[in-house]
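Nothing in this text is a laboratory measurement; each read-out follows from the coordinates by a stated rule. Values in this document were obtained by computation on a predicted structure and should not be read as measured data. Using ideal geometry, Cβ is built from the backbone for each residue, glycine included, and neighbour counts are taken over all protein chains shown.
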Amino acid sequence: MEYPRIKTCIDTSVDDFISELYTPCFKWAERLDRGVGYFTSGWLEYNISGLSDFASRGGKIRLITSPILSNIDSDAIIASESASDDYSKFENALNNSVAALEREMKADILNAFSWMLYDGIIELKFAIPCEKLSDGNFHDKFGIFYKGTEALSFSGSINDSKHGFANYESLKVFKTWAGTVEYVEADILRFEKLWHGQDKNLKIYNIPTAIKERIFTLRSSDRPYKNTSAPANKWEHQDKAVDCFLEKEHGILAMATGTGKTITAIKIMTKLFEDNRIKRVVITMYGNDLLDQWAKQMREKFSDKQIYCHYNSQKAMNKFIMHPDNSILLISRDANNLVKLLDVLDKAPGNYKNDTLFLFDEVHGAGSGSLVENLAGRISPYRYRLGLSATPEREYDDDGNDFLLNEIGEVIFEFSLQDAIRKGILCEFNYIPLPYELTEAEKQKKKKIIAAFNTKKENGEDVDESELYTQLSLVNKTAINKIDGFESFISEHPELLEKSIIFVQTMDYGLLLQPVLMKYTNKYHTYYADDEKINLENFADGKIDCLLTCKKVSEGIDISSVTNIFLFASDRSRLVTTQRIGRALRLDKNNPDKVANVIDFIIEDNESDNNSDQERADWLSELAKTRRENDE
């Protein structure tokens, strides 16, 4: 590796900092971390050539600086009683700084800065002294250039401004390859401590979303540098969802299965923690498998937080209540548990309603009767409320939908299955409908269901059409002739049992299907409520080819190798179908050309009930036509 030739000590009296430090380092380095008391357009103007080359190669800058605040603004921020109030005052104060940028910065420099911020080349944070340093300023001046495992650090008295270059200033320079590695490492540790807000005498703020968006509007139509190193970001929807939530502060993200709902939520949590807007997170959902998956990710992503679990055999709610700050609680979506937690939080001293994030995964389930009855009016007082779901609306349940709207909020961001397939986030799929007919006994059963419904209606009794359709649908879902159709199809396509999930309505129906499966594979297993989790793990590891289940793997469980889905049963609601086919649409790094198959059963002789099978077939047939944008 060729290293930049920088003197150990440079000063403005005899040296040119731009040509002798910044320009050669920008040509060499991949990253720059910079902590500096004042950062102005003058530094950008002097370094624009080196910065343009650096940006074109995909370079990144992390910058911590002091915001330009009046004494009144600074005192108000330090005196804030809550994290949210503190952040709000800081955002208001920064608006004046943006106005100054527009007035004072040259148009080309302003455009370059705005584009670099937009592209994520510059990541900006602000430092405000507090506690024992509250009467002072953030006045540090140091930086570290990185390339691979090597680094060069510098520290001294100069600010990043025109005025700084006009003063007599000096810098000391240390290099990992020149015997001064301990000094470089000390600077790296110091920067990381600042960047992650681990110095109790400094408040560290991310640039607020509203301020960032305002700066973005100052860009021209063309970047002033090449951006060839940055491929199109197919995950940009996640950042848009994050920004949307940070602005709205409550609401539901309707994101298709496999498009990163959990990652998006983690990004939201990270920003809220970094901005000191929250002190704790309560994450709730139904299902121990899904809670386990979340708990694992929380421990990986938030190693500096205390993670408490209150579900299954783990009972850590009281520990969370005793030590709620800087913590995350994962709790089962059970009305009794949540009521107990809210009772304690509502009575606790402090500002819990303003500095707690409530996160509901698979939020459609939060509209169930017991939760509506026990939690109405209990969640909405909390400032930060986030719901996640592929399809949040509860079909045939106005009360449940109203509860979600009132307690968590409206859908504030949508990213559909079609969007995900077009972006190449989910794979394309083939839709294969298999026809079936009802037996005479099944037809008679449906006629009796309809007759009983009409009799109740004629007698003036309260009737629920959704209950009628549920009963009729159950006959279709357990139609015996589907099994013959399945065997006929599998005899010609046995390979589709590999990496497959078969969804049936009941365990009894699954028992009827198992003799057929045994003819074509011995590597299958059931996964019902009482089956051990090891079966799911063996399936994920490829030790089992085929999983026979009712509903348990519909929600949230990520097994990217699944390629084939058999829908013996799927609800009229698109919710369940979306979740089930979503098991097969995830990309598989071991199979980059993966195309999934969805095998469905569609009734041919439907007589009097609303044909949900045909509605589903029409929808999935259209969805299966979706192609990746770069393939069209």
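Within the same chain, lysines fewer than 8 places from Lys106 are excluded, and of the rest, those with a Cα less than 25 Å from its Cα are Lys27, Lys60, Lys125, Lys141, Lys162, Lys212, Lys226. Geometric descriptor of the range 429-631, per residue, is 138 Å³ (volume of the convex hull of the Cα atoms). Could you compute the FRET efficiency for Val14 and Glu537, with r as their C-beta to C-beta distance and R0 at 60 Å, rounded to 0.05? The pair Val14/Glu537 has a calculated efficiency of 0.35. Summed over qualifying helices (DSSP H, 4 residues or more, each -39500 (n - 2.57)) and divided by its residue number, the chain shows a 222 nm mean residue ellipticity of -13000 deg cm²/dmol. Rounded to the nearest whole angstrom, the semi-axes of the ellipsoid equivalent to the range 236-415, taken from the Cα gyration tensor as √(5λ), stand at 22, 20, 16, largest first.
Computed from label points 7 Å out along Cα-Cβ, the spacing between Ser488 and Glu213 is 5.6 nm.
Taking 45 Å as R0, compute the FRET efficiency from the Cβ-Cβ separation of Arg5 and Glu236 and round it to 0.05. E between Arg5 and Glu236, to the nearest 0.05, is 0.70. In the calculated pair-distance distribution of the range 363-493, the portion above 24 angstrom amounts to 60 percent of the Cα-Cα pairs. A straight Cα-to-Cα reach below 26 Å connects Lys347 with the lysines Lys279, Lys305, Lys315, Lys319, residues fewer than 8 places away in its own chain not being considered. Taken over the range 418-487, lysine pairs spaced eight or more positions apart, or on distinct chains, with alpha carbons under 26 Å apart number 22. Between Glu458 and Trp619, full extension at 0.36 nm per residue minus the direct alpha carbon distance yields a gain of 54.5 nm. When DSSP beta bridges are restricted to pairs lying wholly in the chain, around 30% turn out antiparallel.
Averaging the sequence gap over all C-alpha pairs within less than 8 Å and six or more residues apart, then dividing by the number of residues, gives the chain a relative contact order of 12 percent. So if R0 is 51 Å, what FRET efficiency would Glu45 and Glu182 give, r being the distance between their Cβ atoms, rounded to the nearest 0.05? Once the sixth-power term is evaluated, E becomes 0.90.
Taking Rh as the Kirkwood radius computed over C-alpha pairs, what is the Stokes-Einstein D of the range 168-250 at 20 °C in a medium of viscosity 1.002 mPa s, expressed in µm² per second? The estimated diffusion coefficient comes to 122 µm²/s.
Within the range 274-354, the proportion of Cα pairs with more than 18 Å between them is 39 percent.
Based on the reciprocal of the average 1/r between different C-alpha atoms, the Kirkwood radius for the chain equals 28.2 Å.
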